[in-house]
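Heads up, the thing below is written out as structure tokens.
The values are calculated or read from the model by the stated rules, or taken from the named source; none is laboratory data. Everything numeric here is computed off the predicted structure, so don't read it as measured data. Cβ atoms come from the backbone with ideal geometry, glycine included; neighbour counts cover every protein chain shown.
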Amino acid sequence: MIDTHCHLLPGLDDGAASDAESIEMARRMSAEGVRTVVCTPHFSRRYPTSVERAVARLARLRTDLADLGIELRTELAAEVSPTMALSAPPQELAARAIGGSFLLVELQSSTEASFLDDALSRLKPFGLSPIFAHPERCLAIRRSPQVVDGPRERGALVQVVAPSLAGRSDAAASASAWSLVKSGRADLVASDAHRSRAVGLQLRAIRALIGSHCGDAVATRLMSTTPASLLAS
């Protein structure tokens, strides 16, 4: 499995609070069968994480994991806020893209449906395609899941997060997440794990749950095949 949304790097945002916690998260993910994690610290007004700081933390984590024999490949991107997606300089966004081409863009509960088209229209000229993170939290998408259809046809991707599928979010978010998966509107499932006790780290169980509802081929596409294609882009 490949996790394309994880706050694994310590001390950058509201994710892992220390090197020890980061290592524990990595150890758990490796034991779950995760082979690659894309570290996605927030890039927002609240957490204006610089690429330089993130690169330094990633290098330190890689050294720690190698010294401890924890087999987990780590890559770097970011979770970009709606405001930053529409306003940050293109070079700042490109530096935070998965595979240099796919930008993880946060959707919030108050995000309007029109934002999806606005973000896509802004990013496309820069050679970037948005991955809309946890759309099940967005009230506009809960009301009308079909609003993701047009952006997906134009190259955007939709990423549901594991805690919603596990029912650890509110009931409406869980129902929306499963609706997106079962209707084929979800392209990726990721952990969005922030701390060592996060339910999102239980990805083996989440994969099995998707398989039981939708078939193993769907689970493989959401958690292995599509993520691998992003990293190879």
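General remarks:
Listed here are the residues, each with its yes/no results for (1) modelled with pLDDT of 95 or more; (2) surrounded by 15 or more Cβ atoms within 10 Å (Cβ to Cβ); (3) not polar (S, T, N, Q).
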residue: V158; (1), (2), (3): yes, yes, yes
residue: S169; (1), (2), (3): no, yes, no
residue: S179; (1), (2), (3): yes, yes, no
residue: K182; (1), (2), (3): yes, no, yes
residue: S191; (1), (2), (3): yes, yes, no
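- Qualifying residue in segment 114-124 (condition: part of a loop (DSSP other than H, G, I, E, B) and either modelled with pLDDT of 95 or more or over 14 Å from the mean Cα position of the chain (by Cα) (or both)): no
- Scoring I210 on the criteria (1) modelled with pLDDT of 95 or more; (2) closer than 25 Å to S114 by Cα leaves a single failure, condition (2).
- Qualifying residue in segment 126-135 (condition: over 11 Å from A186 (Cα atoms) and surrounded by fewer than 16 Cβ atoms within 10 Å (Cβ to Cβ)): yes
- Qualifying residues in segment 67-88 (those that are part of a helix (DSSP H, G or I) and within 19 Å of the chain's Cα centre (by Cα)) - the one surrounded by the fewest Cβ atoms within 10 Å (Cβ to Cβ): T83
- Of all residues making up segment 194-207, the number that are modelled with pLDDT of 95 or more and either touching an Asp or Glu at 6+ places or on another chain (Cβ under 8 Å) or not hydrophobic (A, V, I, L, M, F, W, C) (or both): 4
- From the list A54, A59, the lone residue that is surrounded by 15 or more Cβ atoms within 10 Å (Cβ to Cβ) and either of a type in the set (V, I, T) or at pLDDT 95 or above (or both) is A54.
- The residue that is surrounded by the fewest Cβ atoms within 10 Å (Cβ to Cβ), among those in segment 138-156 that are of a type in the set (D, E, K, R) and over 17 Å from the mean Cα position of the chain (by Cα), is E153.
- Which listed residue is modelled with pLDDT of 95 or more and either of a type in the set (V, I, T) or surrounded by fewer than 14 Cβ atoms within 10 Å (Cβ to Cβ) (or both), from D64, D3, D19, D14: D14
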